[in-house]
Amino acid sequence: MSLQLDSMKELDCRLIFHLAFPALDMNDTKRFYVEGLGCRLGRETELAITFNLGGHQIIAHKVMVLPPIQQGIYPRHFGLILSSESEWQEWHDRAQQKGLKFYQASRKRFPESRLEHTTFFLEDPSHNLLEFKHYRYDSAIFFERQDARVGEDSE
């Protein structure tokens, strides 16, 4: 399910995405990402924890006060686009089995179109939102420009 890498030599691509995000309680954060999502643990201090999320580096940075909690999934969330529906289902099933907090239940967006995808959102202990999705057509990830719909406002 989750890509586990011990060194750059194991990568089949040259680019790894990096994302830093705020975390209030580092123990809760570590539990959510490692025990809940199955992320591989990287470097860790009392102020920051590095995780491997699907082969990408995400880093929780300790904050004393969280930013205001947004209402809805916009403007800020992050996550993974899974390459197969079965892989997406594995992530979904794991989140359910581990009792992770679903911010938005699984659903199909833009059905019967070239943008069709299945998606669900999780909320981590610091109210960061994570989206996991699988597109029916790979071309919808970056192309399909003739259909300009993006996000909730366009549905």
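Every condition in (1) over 24 Å from Glu35 (Cβ atoms); (2) in contact (Cβ under 8 Å) with a residue 40 or more places away in the chain; (3) among the polar types (S, T, N, Q) holds for Asn52 except the one numbered (1). Taken together, Arg145, Arg76 contain a single residue that is surrounded by fewer than 17 Cβ atoms within 10 Å (Cβ to Cβ), touching a residue at least 40 places away in the same chain (Cβ under 8 Å), among the basic types (Lys, Arg) and part of a loop (DSSP other than H, G, I, E, B), which is Arg76.
Only one residue in Tyr103, Tyr74 is hydroxyl-bearing (Ser, Thr, Tyr), touching a strand residue (DSSP E or B) at 6+ places or on another chain (Cβ under 7 Å) and more than 20 Å from Asp138 (Cβ to Cβ), so which one is that? It is Tyr103. Surrounded by 16 or more Cβ atoms within 10 Å (Cβ to Cβ), more than 26 Å from Ile49 (Cβ to Cβ) and touching a Phe, Trp or Tyr at 6+ places or on another chain (Cβ under 7 Å), is that true of His92? Against the criterion (surrounded by 16 or more Cβ atoms within 10 Å (Cβ to Cβ), more than 26 Å from Ile49 (Cβ to Cβ) and touching a Phe, Trp or Tyr at 6+ places or on another chain (Cβ under 7 Å)), His92 does not qualify. I'm checking my understanding of the structure. Among residues of the range 59-82 that are at pLDDT 95 or above and in contact with a helix residue (DSSP H, G or I) (Cβ under 8 Å, 6 or more places away or on another chain), which one is farthest from His127 (Cα to Cα)? That would be Leu82. On the given criteria, is His127 assigned to a loop (DSSP other than H, G, I, E, B) and under 26 Å from Gln57 (Cβ atoms)? In short, yes. Right, Phe120: among the hydrophobic types (A, V, I, L, M, F, W, C), in contact with a Gly (Cβ under 9 Å, 6 or more places away or on another chain) and not in a loop (DSSP other than H, G, I, E, B) or not? So Phe120 does not fit the description; no. Go through (1) exposed (fewer than 12 other Cβ atoms within 10 Å of the Cβ); (2) in a strand (DSSP E or B) for Ser106 and report which single condition fails. So Ser106 meets the others, but not (1). Checking His92, His61 one by one, the residue that is part of a strand (DSSP E or B), touching a residue at least 40 places away in the same chain (Cβ under 8 Å) and touching a strand residue (DSSP E or B) at 6+ places or on another chain (Cβ under 7 Å) is His61 and no other.
The values are calculated or read from the model by the stated rules, or taken from the named source; none is laboratory data. Note that the structure is a prediction, hence the values are computed from the model and not measured. Ideal geometry is used to build each Cβ from the backbone, glycine not excepted, and the neighbour counts take in all protein chains shown.
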